[in-house]
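None of the figures in this text is laboratory data; all of them are computed from the coordinates on show. Only a predicted model underlies this, so the values are computations on that prediction, with no experimental measurement involved. Using ideal geometry, Cβ is built from the backbone for each residue, glycine included, and neighbour counts are taken over all protein chains shown.
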Amino acid sequence: MWNKLFLQERPSIGLAFFRIWAALTVGLHVIPSFFQLHDNYLSTAFKTYNGHFFPIWFLDLVAKSPDWLVYVFVGLFYLTWLGFLIGWHTQVSAICMLACGYYFYALNCFHIGTLSWDILLVTLFLMCVTAYPGDYFSVDALRNPSPDAFARRRPFFIQRLLQIQIALTYFFTGLYKITGAGNWVSGNPMHALMNYPVVGVTKNFLLKEFLAGHPHVCYWVGIFIFSTELSMPFLLFYRKTRRTAIVLGIIFHILLILTFDVPAIFFFLFPAQLLLFIDPKDILAWIHRSRSRSHKVKVLYDGDCGFCRASVERLKVMDLWGHLTYEAMPETLSELKVVDDGKTYGGFEGFRRMCFLLPMLYPFLLVAYLPGASIVGSWAYAFIAKHRYLFHRSKTCTDHQCFRQPS
């Protein structure tokens, strides 16, 4: 049972998706706090410390940080956050980014909030244990290219721990509603929340006035909320109710961010974490079905060029949907060409065409069609193609075929 639940190898592509979303969540929460360093982290800031999370000696040590050290940690955070986002030395980047997060949390927890910090750091700690999140949608996957990188199998325990984390978060949140102050069974805290002033924990949403005037409706809404939270672990781990629980959880977080002034971490991170309950085998089966009926595009390349052959190997990694087929044409091409529906796209135009086909290139669509991008991109591509022999030191041209001039 232990082997089946935690150690059995399964495709790790779900963790790759979650890594990107976790990185975006961390960036959206932490980076804005750097825009006002004087108010947030430097010696001039008003600071609040979380003595329940950190030992006092550590808080005292961090509080003595000179301003230059704060700037060093800001720079280190930017570098390692970007590395974690793109999957460059994923595990090392995650560990360094986590260390920076602990430092800023200890320095001042006021501007992000203790609950958001707690959730972020626990989630990132779990993801630091292995380098599995760098298996796909990452630079690490391109450094050691394998065409079936998206199907690489890994022990399931990291994904299982992330599942347990969010399931227990729901359970204990529901448990607190019936055991802490403001019991949701014996009282009606939901009705009190609906009657809070506009400047408070409740936003001015569409049905607020209706709920404020109907306490019995508020009571049964509260009963439904904590009952669902208490039952979420069962609903998520039981296969027949899993899809319903995922949809219910996502809807819950959308409604939560629309109605209450709660930490945005609930809206950004938790829905993506719920998707980790989708069986990786189901994701892999869906990818294979999509590959079998995908639109095919031919890529022509110089088969005698080691740099070109290495580029094709990386394209195979990025081609999640199986759009590309390849044909080597030795000594005839100075650039990759893409043939799609009888039309040939070469150089930068071919690259832009592949940006629509390869998920790992989707972010480049944001800049590939900016005004002037075709001029700069065409020049850059032509320069690299003409001087590709310069890249033989990258071990992709050890046969020195790149020195051969095109016929």
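For a paramagnetic label modelled at 7 Å from the Cα of ASP282 toward its Cβ, which residues of the range 246-261 fall within the zone defined by backbone nitrogen distances under 13 Å? Under 13 Å, as judged by backbone N against the label point of ASP282, lie 246-248 of the range 246-261. Set against the 2.2 N^0.38 Å expectation for a compact globular protein, the chain has a Cα radius of gyration ratio of 1.20.
What the pair-distance distribution of the range 145-272 shows, using all Cα-Cα distances binned every 10 Å from zero, is 11, 35, 33, 13, 6, 3, 0 percent.
When the GluC sites (Glu not before Pro) in the range 330-379 are filtered for DSSP coil states and for at most 16 other beta-carbon atoms within 10 Å of their beta-carbon, the remaining sites are GLU331. To the nearest ten degrees, helix 114-127 and the longest principal axis of the Cα atoms of the chain are 40 degrees apart. Across all directions, the average projected area of the convex hull around the alpha carbons of the range 1-153 is 10.1 nm². Taking amide H as placed 1.01 Å from N in the peptide plane, TYR326 has its amide H under 5 Å from the amide H of VAL299, each at least 5 places away in sequence or on another chain.
Ranking THR48, LEU357, LEU274 by how far each Cα lies toward the positive end of the dipole of the chain (charges on Cβ) leaves LEU357 at the top.
If one computes the Cα centroid of the range 1-77 and of the range 114-158, what distance in Å separates the two points? What the calculation gives is 17 Å, centre to centre.
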